[in-house]
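These notes are about the structure you will find just below.
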Amino acid sequence: MVDINQEDILRLLAQRLASFANPELEITPDTNLITQLAIDSIKLLNLIMELEDHFDISIPLNALTDVVTVRDLANLVYKLKLDSK
Amino acid sequence: MSLLEKLDAAASARIAQLPSGLGAFGIPIEEIYSPTEARIGTKRILLLGTNNYLGLSFSPECRKAAHEAIDQEGTGTTGSRMANGNYSGHRALEMEFADFYQCRSCIVFTTGYQANLGTISGLIGPGDVALIDGDSHASIYDGCVLSGADIIRFRHNDVIDLEKRLRRLGERSKNTLIIVEGIYSMLGDQAPLADIVRLKKAYNSTLLLDEAHSLGVLGETGQGLAEKYGLIGEVDFITGTFSKSLCGIGGYCVSNHPQLDQLRYVSHPYIFTASPSPATIAATRAALKLLKNGRELRERLWENARQLYSHLQALGYQVSPEPGPIVATILDSPQQALALWKGLLENGIYVNLILPPAAPEGKSLVRCSVNAAHTTKQIEYVCEVFSRLYSSIIQ
Ligand SMILES: Cc1ncc(COP(=O)(O)O)c(C=O)c1O
């Protein structure tokens with residue numbers, strides 16, 4: 001199995017999030033999911049299911065309380081992926 | 001942003017969506033005449049957006065029982081079931097529910113919302129898993145949050161997706177509570193219960209089924225979806241509400257697990273709230289009797305449901321995935337939904353308007369619900385108005 005790293009996760013997230021965002025907004029690791037991307041709760045929950053399937057991990061919704069930026073989400077996915085191995 | 005500014009921002013986002021002249025806090029009903037008619041403003045309105053599935057809200061038996069209970073026991077209990085609010089009526093209703101489901105025990109809660117909060121947060125805790133349908137009602141989400149368990153969603157009514165997530169949980173599937181609903185409140189579709197039961201057994205999980213919208217509606221005696229499939233004995237916990245087909249307020253959980261009663265010691269939404277009022281309990285007991293013997297009411301309900309569903313479908317509306325008392329029309333945009341909803345109200349018909357993000361997958365819904373008290377003539381009138389509005393709004 002190919003090892004994943006945080007950069008790969010960040011890249012994938014930026015790609016997926018771009019489909020929700022205003023095309024003029026440049027998505028960086030520090031982009032705030034709620035205030036800058038204005039991603040509504042249902043879209044975020046659906047994105048979580050996609051990430052679960054892509055990385056074959058379980059992402060509990062309660063773990064999202066500390067997620068503010070794109071980087072926070074990438075770190076969470078990375079941590080859960082490592083834990084699941 | 002300050003606390004109060006945050007509230008202002010949320011309110012203006014909501015008000016921006018609403019047509020002018022409509023209150024942001026829901027349509028004010030001035031007078032209620034019957035299970036199917038009310039006055040809104042100065043107009044007599046046909047109610048096609050209630051949860052009064054069996055049309056029992058004015059039943060003479062239930063009213064009489066409520067009156068008598070008020071006269072004999074007063075207006076309120078002023079206390080918790082665990083203290084001074086544990087009357088004989090509460091215990092009798094629990095026994096009647098347990099008997100109805102042929103289950104070992106039942107706990108009555110003060111609302112259906114609290115039945116889910118109290119049952120879920122009593123069953124699971126930190127380290128456990130709640131595996132819930134993606135379209136779950138807020139009371140299920142809130143119960144899971146209160147529990148502190150890990151919350152994982154599966155795609156709505158998708159058993160393949162559910163199995164994938166169970167498999168991923170590995171050993172943790174044994175500490176997992178799967179939660180589904182009998183009939184989903186937005187689109188009115190039913191859970192694929194036989195497959196879900198098969199999976200919960202294969203993965204040694206526990207299953208909770210919320211029959212809020214299916215009690216009185218599905219199954220030979222109205223027990224709900226589990227009865228329809230003959231699976232009452234296979235579902236670990238069934239919750240439901242008195243606020244819909246029973247026309248009261250309150251909720252319940254029934255189970256064959258002897259541990260159900262232990263919830264009474266640990267469940268805050270059961271303990272730290274006053275018990276239902278005597279009138280509520282008495283009316284609910286009378287309504288439960290009518291529900292059990294309500295085969296004719298159910299037939300009438302389903303006739304109305306099929307009539308409306310097939311008519312709207314034939315007109316070209318995109319409707320719920322399957323017929324049932326909740327007939328939702330799915331519109332392309334919030335503007336279209338709003339126009340349809342307004343058009344119906346102008347023609348004296350009240351239905352529910354559901355705009356994103358409240359509706360599943362960003363859809364906009366005009367949601368109708370029929371009941372057993374609607375006459376064929378009323379349903380025909382509704383069909384006629386929908387037909388007229390189709391050409392002006394949809395085409
Ligand atoms: C699926 C579901 N569960 C629970 C509830 C809560 O019921 P109650 O109105 O008794 O609080 C509702 C009603 O809104 C519901 O739709």
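Taken together, the values in this text are just the output of simple stated rules run on the coordinates, not laboratory data. If you're wondering where the values come from, they're calculated on a predicted model, not measured in any experiment. Cβ coordinates were reconstructed from backbone atoms using ideal geometry, including for glycine residues, and neighbour counts include every protein chain displayed.
For B:T375 and B:M82, a Förster radius of 45 Å and the Cβ-Cβ distance give a FRET efficiency of 0.50, rounded to the nearest 0.05. Extending 7 Å from the Cα toward the beta-carbon at both B:R295 and B:A274 defines two label points whose distance is 4.1 nm.
List the chymotrypsin sites (Phe, Trp or Tyr not before Pro) within the stretch B:300-395 that fall in a DSSP loop (any state other than H, G, I, E or B) and whose Cβ has at most 16 other Cβ atoms within 10 Å.
Passing both the DSSP loop test and the Cβ count: no residue.
Take every Cα pair under 8 Å whose residues are at least 6 apart in sequence, average their separation, divide by the length of the stretch B:254-395, and the relative contact order is 22 percent. Once both labels are positioned 7 Å from their Cα atoms along Cα-to-Cβ, the gap between B:R167 and B:Q72 label points is 5.8 nm. Give me the orientation-averaged projected area of the Cα convex hull of chain B, in nm², one decimal. Quarter of the Cα hull surface area: 20.4 nm². Backbone phi angles across the stretch B:260-268, fed through the Karplus curve with coefficients 6.51, -1.76 and 1.60 (θ = phi - 60°), yield HN-Hα couplings of 3, 5, 4, 4, 4, 7, 10, 8, 4 Hz in residue order; Gly and Pro are listed as x. As a length-normalised measure over Cα pairs under 8 Å and 6 or more apart, the relative contact order of chain B settles at 21 percent. Other protein chain C-beta atoms within 10 Å of residue C-beta, averaged over A:57-65: 5.
For the stretch B:194-279, the list of chymotrypsin sites (Phe, Trp or Tyr not before Pro) that fall in a loop by DSSP and count at most 15 other C-beta atoms within 10 angstrom reads B:F272. For the stretch B:270-359, what does the alpha-carbon gyration tensor say about shape, rounded, prolate or oblate, given a ≥ b ≥ c as the root eigenvalues, a/c under 1.5 as rounded, and a/b over b/c as prolate? Note, shape of the stretch B:270-359 comes out oblate.
Helix-only arithmetic for chain A: the sum of -39500 (n - 2.57) across DSSP H runs with n ≥ 4, divided by the residue total, places the mean residue ellipticity at 222 nm at -16500 deg cm²/dmol.
Peptide B:145-157: average number of partner chain Cβ atoms within 10 Å per residue?
Per-residue shielding by partner chains comes out at 3.
Applying 0.36 nm per residue to the separation of B:I32 and B:V266 and subtracting their alpha-carbon distance, the gain on full extension is 80.3 nm.
Could you tally the net charge around B:R81, taking each other residue with its Cβ under 11 Å from the Cβ of B:R81, Lys/Arg +1 and Asp/Glu -1?
For residues surrounding B:R81, the net value is +1.
Under the combined filter of DSSP loop state and at most 12 neighbouring Cβ atoms within 10 Å, the stretch B:180-256 retains these GluC sites (Glu not before Pro): B:E220.
Remark: spin-label model distance A:I34-A:Q15 equals 2.9 nm, labels positioned 7 Å along the Cα→Cβ axis. If R0 is 60 Å, what FRET efficiency do you get for B:L315 and A:V68 from their C-beta distance, rounded to 0.05? Plugging the Cβ-Cβ distance into 1/(1 + (r/R0)^6) gives 0.80. Summary of packing: across the peptides B:130-142, B:71-83, A:18-30, the per-residue average of other C-beta atoms within 10 Å ranks them, highest first, as B:130-142, B:71-83, A:18-30. Taking each of B:K174/B:K292; B:K164/B:K342; B:K201/B:K228 in turn, the alpha-carbon distance tops 31 angstrom for B:K174/B:K292; B:K164/B:K342.
Note on the stretch A:22-79: Kirkwood radius taken over Cα pairs, Stokes-Einstein applied at 25 °C and 0.890 mPa s, translational D equal to 206 µm² s⁻¹. Is the C-alpha gyration tensor of the protein assembly as shown telling us rounded, prolate or oblate? Criteria: a/c under 1.5 is rounded; beyond that, a/b larger than b/c is prolate, otherwise oblate. Oblate is the answer for the protein assembly as shown, as a/c is 1.5 or above yet b/c matches or exceeds a/b. The gain in end-to-end length when the B:R91 to B:R306 segment is fully stretched comes to 73.6 nm, 0.36 nm per residue minus the alpha carbon separation. For chain B, what is the calculated [θ] at 222 nm in deg cm²/dmol (nearest 500), taking -39500 (n - 2.57) for each run of four or more DSSP H residues and dividing by its residue count? Roughly -12500 deg cm²/dmol at 222 nm, from the helical runs in chain B.
Between the alpha-carbon centres of the stretch B:336-395 and the stretch B:215-288 there is a gap of 31 Å. Of interest is the spacing of the C-alpha centroids, which for the stretch A:23-68 and the stretch B:154-178 amounts to 21 Å. Relative contact order of chain A, taken over Cα pairs closer than 8 Å and 6 or more residues apart, is 38 percent.
Does the stretch B:60-292 come out rounded, prolate or oblate, given a ≥ b ≥ c as the square roots of the eigenvalues of its C-alpha gyration tensor, rounded meaning a/c under 1.5 and, failing that, prolate meaning a/b above b/c?
Cα axes put the stretch B:60-292 in the prolate bin.
The stretch between B:A358 and B:R14 holds 122.7 nm of extra length on full extension. This uses 0.36 nm per residue minus the Cα-Cα distance.
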